[in-house]
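Heads up, the thing below is written out as structure tokens.
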Amino acid sequence: MTGLFSEVFLGALLFGAITAAIPLLLAGLGEQMSEKAGVLNIGIEGMMIGGAYLGFVAAFYSGSLWLGFLFGACAGIAVAALMALLCVRLGLNQIVIGIGLTLGLEGLTALLHHFQFSRSYPRLPAAERTEIPLLADIPVLGPALFRHHLIVYLAIALVFVMIYVYRRTQLGLNLQAAGDKPAALDVAGVDVIRTRTVAVLFTGAMAGLGGAYLANVGAGIFIPFITNGAGFLGIVLAMLARGRPVWVLLGALLFGLCLSLTTAMQVAGINIPTDVIQMLPFLAVMVMLVAFGRRGSLPAALGIPYERGAR
Amino acid sequence: GEVKSIAILTPEEGTDYGWNQQGVAAAKAAAEAAGIEVIVAQGLGYGDVRPTLRELAEEGASLLIAHASGYNTSAPEIANELKVPVAIVDTPDALKKGLVADYTLSGHEGAYLAGRLAAKMSRSKTVGIVVSGEPPSWNSQSAAFAQGVKAENPEVKVTYAVIGPAAYSDAAGGKRVTESVIAAGADIIFGQGNGSSFGMLQAVETTKAADGGKVHFIDVIGDKTAIDKGFLLTSVIWDITPVYAAMIADLKADTFGTKRYAIGLKDDSVKLLKTGEIPDDVWSQVQALREDVLSGKIKVEPVFEASAVRALMTNVTE
Amino acid sequence: MTSASPPRPAGKPDLVTLERVTKRFPGIVANNAVDLSIRAGEVHVLLGENGAGKSTLIGMLSGLQQPTEGRILVGGTPTPITSPRHALALGIGTVFQHMMLVPTLTVAENLLLGGSWWRRPKAGELQARAAEIGRTLGISVDLGARVEDLSLGEQQQVEILRALLRDSRLLILDESTSMLTPKGIDDLGALMRRLAENGLAIVFITHKLKEAAAFGDRISVLKLGRKVGEITPERLRSLGEDEIVAEIVEMMFGARAGGDPEEAQRTARAFPEAVAPLLEVRDLAVPAGSGTPGLSGVSFAVRPGEILGIAGIDGNGQKQLAEALAGQLAASGGTIRLAGEAMDGLGVGERHRKGLRYLTDDRLGEGTVGSFPVSINFFLKQIGTPPFWRNGIEQTAAIDKRAGELVRAYDVRTPSLETPIGRLSGGNIQKILIAREFADGARAVIFNKPTYGLDLANTLATRQRIRDIATGGAAVLLISTDLEELLGMCDRISVMASGALVGTVDNAADARTRVGRLMIGLAA
Amino acid sequence: MSIDTTRASDMATIEQSAAAAGRGHLQRRVLMTLGPILAALVLAGCILLAVGVNPLAYYGFVVERGLLSPTGIQQTLTRMAPLLFIAAGLIVAFRAGMWNLGGDGQFLLGAVIAAASAPVLVQVLPAWLALACAFLMATAVAVSWSLVPALLRAYQGVNEIITTLMMTFLGTSFANVLVKLAFLDPATTVPQTRTLPVEDRLPRLFDTTITSGLLFGLVAIVAVHLVMTRTAFGLKLRVVGANPKAAIHVGLGVPGLTVAVFAISAGLAGLGGAIDVIGVQGNVRADWNPGYAMAVIPAVFLARMNGFAAIGFVFLLSVLSIGGESAARRLGVPHHFTLVLVAIVLIMLALAEYIDHRFTRARRA
Ligand SMILES: Nc1ncnc2c1ncn2[C@@H]1O[C@H](COP(=O)(O)OP(=O)(O)OP(=O)(O)O)[C@@H](O)[C@H]1O
Ligand SMILES: Nc1ncnc2c1ncn2[C@@H]1O[C@H](COP(=O)(O)OP(=O)(O)OP(=O)(O)O)[C@@H](O)[C@H]1O
Ligand SMILES: [Mg+2]
Ligand SMILES: [Mg+2]
């Protein structure tokens, strides 16, 4: 008989925290780029569930998780392309379209699932784990942090790629200009619409990837409404992070940890109503907002469609 | 009275190998047996079903089966309003002659047996209960399962975990929590959840127990054999057909609304599923225990409150 | 004067030619069959009233807008300029009327905007080139500074530097002098001359006729979207400054104004000490904000009928002073009295009601709500008060009636009372603000840069209104960066530096030098 | 100066043509609303065809149940009541430039408080007073729930989109906790509040099943519309929404108004929850979240925050929801299709508005 808080159990909790954090991280990183470029992407939940569905379908029929991720990202991009067309190019209201896309994709994937999988509920085999040599053997932390699917490491590496992109590349400058003063970017000779479109498509790719991860690795199955508001949490994380990718990572991890903590407390047999425990992650975010949510953090042109020469 | 057709209302699609599917299938079977029509209104969600209830009444259904505890306020109201008989769940006090009948379903006796079985078969002497929420019918089964385990072997630990916020469709959460519970030592998972139970199944299929062996899954209400990959130990199967058949009979005899309906081990409307994973000797021991329950030698009291259920787990752990 | 293309002297072909360019907006023809020739080595000055269509013309040259009719020739070949990027590629660099820099980026990052997106910004190369251009032209900017921390003048230099870094052949400056100090204007003029000598073509838009005469090689005048006249370099050289100004005035307004229109008679009135001050400020202090200066120990008094000027370089606390007086900004110390009554602790609305009025310099930013109708904008500071609101209910008839009266009285040119105010030109918006602040019992009025960005006619009208209200017995505080304006209008002039008044001089004959000495930090 | 002389006559003609345009405008608005709905139906019909369902039959059932059948239309009108309150709350917030995306949390808390208080109060107070008290308490709690985002926005400048979204997640959980732990009906094992007896609920209109909450909803949204467009208070809020800097300049107490906006908006959403519980539901079950606010937000935008237009869009939403449920059942389509239909209608309407806008501009140029 092993002690309750055995190495294995603690490892599993941390492992679970990271698994839960990755979709939020991806969605948050994606949303962050849209917001940097001045587009409030409320449709991210729809992009995620689209990615979850198509990612699962692809992985299930091909047997390859990587194809699943690819198709998931593509589904996200497809939804994002619609959003970019309507909101960036045509300048339609970002909130109406965002909510519309979310509702539509939720309904559509549930519909497709009903006709396709609701009798068979296919499940994927366990995701392959890539162990990082040496590190993976550290007690507790090894199995928790260094025995994940390769995509997890890639997602975390992406944080640093994004920092580099925002700080050191021309694209980073363009994105920030598109969000803070699009007219200035335009007269500097960079197409604002194109810059914002790129950002929205990136958001779609990340959200779709996050959805595919959620379905394929997180759950191993697609069921309707599986994303359960993860996209909206991504929006919150992106806004909290104020343009800094590292904060998205920290926020996502904090959220995942809170989820695991609720499990831990229950398994430990602490008799607190679960509904109370389960408010924890949201309370944590709210406390962060009260503590750190100072003014002046969002791009000046966020949510405002750009039209050249408009008065 | 004359019974032309019955209608059943379920919150989710009747393809979940669980509560909704069992309800729809039973309504169909009972209606067929009685030679009457059945109207299925599924996937209605947990919102306001009064519009659908009224519409079905208008379409001439002789009985409205409101197959969700969430419908037990609205259905009796519609029964009074339109004078059409309804059957509701989880409200034993709501009988009204000719109008309202209750069928509180509890598989606690079955869950108790499942707990005995789990305790017998657990190699690690740790079993887990994972639920996506804490509605009464699940609570009574969680509690009975834990009692069964305890009765079989007080040394066996029971860990209990609720998945998370709005978790009915949180398959990823189901998998994550189940994996944690397995890591805490469990090699048998008693799982209750709608969409999330598929996540639990996935976790069981893809995670090894501490000893490197297989983790087993115990399901409830429905029969997931069709989609099993060899990890399903058993299931507490509910067969609601006798209940609905009795309702139809009572309607015909004008005695509807005078009694409650229940399921139980007695007529096999609650039973354990026999799978290839259960060794024959264990199975026959469990069958013997079933006889003891039937004969009253073993008493299993249902526990419905979530806090009482959790308290039970703590006691069991200690 | 003819509006057809003037004959071309050999050896100086047009760099850019506009042929009968027309631009229509909903309900308005912003440019109507305009011909223009822009040549290398020339400073081409564009003049015209507010709303004459100057910026629209620039918009088409820089690819922001496409002509509805007509065509643009670049180097002699018809070239539709499809985007700002295209304009840049053609060598057309523009410094827009409104700042076009990203405030949250550094100067270097702003200058780097527009490079290929996959490349790393070439910071090193930029540094070298900026230093070189800066050296030859006498511009120096801190590449590492964040743009929002720069003064408007510095931002302007960044924009000019950016245009030059792009190897522009044509540099367009839209009202670039309106925010500059007299010294800054002279520097910019010298810079334009040097650039023209280096072979650049320059288009320079201004409202100040003297600048046009001083810096221009060729002057074109727009009126209601049409080009109404052009003075060629040959003629320009043959005329003196006064003659040029007179000729432009005739083109713009059709009548010969007497002498220099900007030269108004100086009011040199004496106010007996015995007259009690109407507006009295003592030891006013405001804490400094992030990026904004605070105020300390500001004291002054303005008597009825007196105009007190506040001179100083932009950004030395003038705006804070105005806002503190108006009640927009909380003071940390000191007292403000209007006719002996303490204003401290009263809100904006209360002060307005008691007759303390503030005319902001930020007309669209804070003065008005652009999407609201003209009529409502007249009464924004009176929301909820009778007769326009009774028991909180809007009295549309009363509002429209009074708004109609004000529109007529202040000669506001608007299609209707329902027109969103944002669609009006700057001068007309200013008239509405003036009407709002003057109406119904103004006793002390604070003007912040009241003529900024206005054309000549509107400038003169505004100044007359300020004099009129002073004559009517109000106390006037006139904040301006335009020394000529202050010298022409005020009875006394105080100089503000670093949030404090450093001295006050009577507007006598030696006022110019004394104010000037105060402004550069010497004793008067 | 030529414009000067023609100005007066210009103004007259402009006003005349504006009146004529007003009539044509209404016609065009109707056309521009029905057109895209038709297009959306065609598009959604293709999806139905793809899954093997006859779209004409589907739409027939939607119209029949949602609009034409006497009992169906009663359901539709009943469904509108809470939606109208939420729409009214959103109009206040959006016109004042505050993105209150936390309507669902506020709605649920209002509902829970009403459900907790009304059944108890009716036993000690006259029915009307009891219900009035319940409404007041529900409103008060919903208002206080909005205080955190309101104060953060008013005094810290924290963007309200994040805070209200978070508060809605939190509010949903909190409502659950309240139901399960504080206000649990001891008489049942089902986690729900006490039930308000049918006869104590808001009366139904005439002989129908339509709740009188509909009337309250209509009054609320019309009142909000009039307040926002006709009163000094409404104008102040609109100034804050359209140009916050101008609001400071003209001396409005922006922080105070911000808090007021959140309070009114959340209060109306909470009242919507109370109306739904006291008018129709009778109690609140754990885990109940109809997500009305998310569905109403786009409707309010499409109505351009105009109260009367919002009534129309809320009606459309209700028809689709009631009719869609029925059609889905009768044709064996999962009811998720309703979501798809609503989404396509929304996007089409938004697109039509864009085309309309372009068309108007092109014509005027
Ligand atoms: N890691 C990052 N990734 C992307 N963008 C970043 C990152 N760090 C900073 N930025 C952006 O670069 C710009 C400059 O950052 P800096 O840290 O100097 O901000 P700051 O003005 O000091 O902010 P604060 O006052 O909030 O600390 C900001 O617009 C910020 O959004
Ligand atoms: N994008 C636009 N949409 C509608 N009307 C416009 C637009 N741009 C300019 N106008 C109108 O065209 C006219 C010319 O404006 P423009 O900005 O070119 O004037 P300007 O000569 O630059 O005036 P100012 O001296 O005040 O800058 C004005 O009446 C203006 O209202
Ligand atoms: Mg800093
Ligand atoms: Mg201009």
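The values are calculated or read from the model by the stated rules, or taken from the named source; none is laboratory data. Bear in mind that the values here come from a model prediction, so they are computed numbers and not experimental data. No Cβ is skipped: glycine too gets one built from the backbone with ideal geometry, and neighbour counts run over all protein chains shown. Heavy atoms of the whole protein, side chains included, go into the accessibility calculation; ligands, DNA and RNA do not. Shrake-Rupley method; radii C 1.70, N 1.55, O 1.52, S 1.80 Å.
Just a few scattered comments:
Residues are listed down the side, and each one gets a yes or a no for (1) within 16 Å of ligand 2 (Cβ to nearest atom); (2) open to solvent by 10 Å² or more (accessible area, probe 1.4 Å); (3) farther than 24 Å from C:M99 by Cα:
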position	(1), (2), (3)
A:I156	no, yes, yes
A:V159	no, no, yes
A:I163	no, yes, yes
A:G172	no, no, no
A:V190	no, yes, no
A:R196	no, no, no
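- Any hit, region C:26-35, residues being more than 16 Å from ligand 1 (Cβ to nearest atom), modelled with pLDDT under 90, in a loop (DSSP other than H, G, I, E, B) and within 14 Å of chain D (Cβ to nearest Cβ): yes
- Count of residues meeting criterion [more than 13 Å from chain A (Cβ to nearest Cβ) and surrounded by fewer than 24 Cβ atoms within 10 Å (Cβ to Cβ)] in region C:49-67: 2
- Selection within region B:250-263 - open to solvent by 10 Å² or more (accessible area, probe 1.4 Å), touching a residue at least 60 places away in the same chain (Cβ under 8 Å) and not hydroxyl-bearing (S, T, Y): B:D250, B:L251, B:K252, B:D254, B:K259, B:R260, B:A262, B:I263
- Checked across region C:83-94, the condition of being assigned to a strand (DSSP E or B), more than 8 Å from chain A (Cβ to nearest Cβ), away from ligand 1 (no atom under 16 Å from the Cβ) and within 15 Å of A:V187 (Cα to Cα) holds for at least one residue.
- Of all residues in region C:111-129, those that are touching a residue at least 24 places away in the same chain (Cβ under 8 Å) have Cβ atoms under 6 Å from Cβ atoms of residues that are open to solvent by less than 100 Å² (accessible area, probe 1.4 Å) and basic (K, R), 6 or more apart or on another chain, in C:L111/C:R162.
- Against the test of being at pLDDT 85 or above and charged (D, E, K, R), the options D:D185, D:D207 yield a single qualifying residue, D:D185.
- When residues of region B:91-104 are limited to those that are open to solvent by less than 10 Å² (accessible area, probe 1.4 Å) and in contact with a helix residue (DSSP H, G or I) (Cβ under 6 Å, 6 or more places away or on another chain), the one modelled with the highest pLDDT: B:V100
- Test: residue in region B:121-131 that is among the polar types (S, T, N, Q), within 30 Å of B:L251 (Cβ to Cβ) and open to solvent by less than 20 Å² (accessible area, probe 1.4 Å): no
- Matching residues, region C:95-109, being open to solvent by less than 30 Å² (accessible area, probe 1.4 Å) and either in a strand (DSSP E or B) or of a type in the set (D, E) (or both): C:V95
- Test: residue in region D:82-91 that is within 14 Å of chain B (Cβ to nearest Cβ) and either in contact with a strand residue (DSSP E or B) (Cβ under 7 Å, 6 or more places away or on another chain) or not aliphatic (A, V, I, L, M) (or both): yes
- Extreme residue, nearest to ligand 1 (Cβ to nearest atom), among residues of region A:245-260 that are free of Cβ contacts under 8 Å to residues at least 60 places away in the same chain and open to solvent by 30 Å² or more (accessible area, probe 1.4 Å): A:W247
- Residue list for region C:22-75, restricted to those being within 16 Å of ligand 4 (Cβ to nearest atom) and at positive phi: C:G48, C:G51, C:G53
- For the residues D:P290, D:P255, the requirement of being more than 30 Å from B:P11 (Cβ to Cβ) and not charged (D, E, K, R) singles out D:P255.
- Listed here are the helices (runs of 4 or more DSSP H) enclosed by region D:169-254 that have at least 3 residues being of a type in the set (A, V, I, L, M, F, W, C) and surrounded by fewer than 23 Cβ atoms within 10 Å (Cβ to Cβ): D:213-230, D:232-242.
- For region C:126-138, the condition of being assigned to a loop (DSSP other than H, G, I, E, B) and more than 14 Å from chain A (Cβ to nearest Cβ) holds for at least one residue.
- Which listed residue is open to solvent by 40 Å² or more (accessible area, probe 1.4 Å), at negative phi, facing another protein chain (nearest Cβ under 8 Å) and in a helix (DSSP H, G or I), from D:L316, D:L346, D:L339: D:L339
- Residue match in region A:216-231 (condition: assigned to a helix (DSSP H, G or I), in contact with a strand residue (DSSP E or B) (Cβ under 6 Å, 6 or more places away or on another chain) and open to solvent by 10 Å² or more (accessible area, probe 1.4 Å)): no
- A:A284 being farther than 19 Å from D:L165 by Cα and aliphatic (A, V, I, L, M): no
- Residue ranges of helices (runs of 4 or more DSSP H) in region C:330-445 with at least 1 members more than 16 Å from ligand 2 (Cβ to nearest atom) and open to solvent by 20 Å² or more (accessible area, probe 1.4 Å): C:348-353, C:396-409, C:426-438
- Any hit, region C:117-129, residues being modelled with pLDDT under 90 and open to solvent by less than 40 Å² (accessible area, probe 1.4 Å): yes
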